[in-house]
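Data block below; observations after.
Just so you know, all these numbers are worked out from the coordinates, no wet-lab data involved. Just so it is clear, the model here is predicted, and its values are computed rather than measured. Heads up, the Cβs are rebuilt from the backbone with ideal geometry, glycines too, and the neighbour counts pull from every protein chain shown.
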Amino acid sequence: MTDTRDTPPMKQTQGNPPQPDAAGTPPDRDTVRQETILRIKQLRSKSNRGLWALALFIAVSIVALGDFSILPSLPPAVRMTLGKPPSSIMISGALVLYTFSAIILILSRMMGGKEEYSGFAHVGYLTAFYGFYHFAKALNENYWAVFVAGLTILALESYHIWNFCNEAIRREQEVLDTIERFRKS
């Protein structure tokens, strides 16, 4: 296993192309070609993660639209243990802070060319906001705020991972094209 701590983030997840061995023999073109094709398949699969997170968020939002009526309500003893829910103003303030923080983090990862992806974590946080509003009995008034914030965050996160993967696929395709040119000559 190779040490990737000192390599830039974009290089960490992509396999390094085979290097000549100690005797100076170049790697087999067919092996390099197969490894490149495998990396392209993995990148195409990874580029769809954002869509899966978006689909999950929409499913949670559909359940929240009905005020979680398909789920059983919490027993009174559990509600008493949880205590008084926060006010909807406090929840809204936290939602605004979370939304701006998430957008800034995603944009900074995009600018830095980092592969990091946290779409499913965002779905969890947004689901928690639906839950907080539900317990504060303010979900009907604040549903669209959470929904729009979630769509914005997840669409940006989805674009980020899609763009990163497509750029990596383009680089891998260049390797394949080079192999094909040498193969024909």
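Tabulated values for the structure
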{"read-out": "Whichever aspartates and glutamates have a C-alpha closer than 19 Å to that of residue 46, once near sequence neighbours (fewer than 8 apart) are set aside", "value": "35, 115, 116, 157, 167, 172"}
{"read-out": "Gain on full stretching of the segment that runs from residue 159 to residue 183 - 0.36 nm per residue minus C-alpha separation", "value": "5.1 nm"}
{"read-out": "Kirkwood-based shape ratio for the range 30-184, expressed as Rg/Rh from alpha carbons", "value": "1.17"}
{"read-out": "Equivalent ellipsoid, the range 93-142 (semi-axes from 5 times Cα gyration tensor eigenvalues, Å)", "value": "27, 11, 6"}
{"read-out": "Spin-label pair residue 48/residue 74, simplified geometry with 7 Å Cα→Cβ offset, distance in nm", "value": "3.7"}
{"read-out": "Gain in span if fully extended, residue 144 to residue 38, counting 0.36 nm per residue against the direct Cα distance", "value": "34.0 nm"}
{"read-out": "Kyte-Doolittle at least -1.0, axis length at least 27 Å by Cα - qualifying DSSP helices, the chain", "value": "88-112, 139-184"}
{"read-out": "Net charge dipole size for the range 30-184 [Lys, Arg +1 and Asp, Glu -1 on Cβ; Debye, nearest 20]", "value": "200"}
{"read-out": "Residue of 90, 111, 80 that the Gaussian network model of the chain assigns the largest fluctuation, springs spanning Cα pairs under 10 Å", "value": "80"}
{"read-out": "Dipole of the chain, positive end: most advanced residue of 142, 105, 176 [Cβ charges, Cα centre]", "value": "142"}
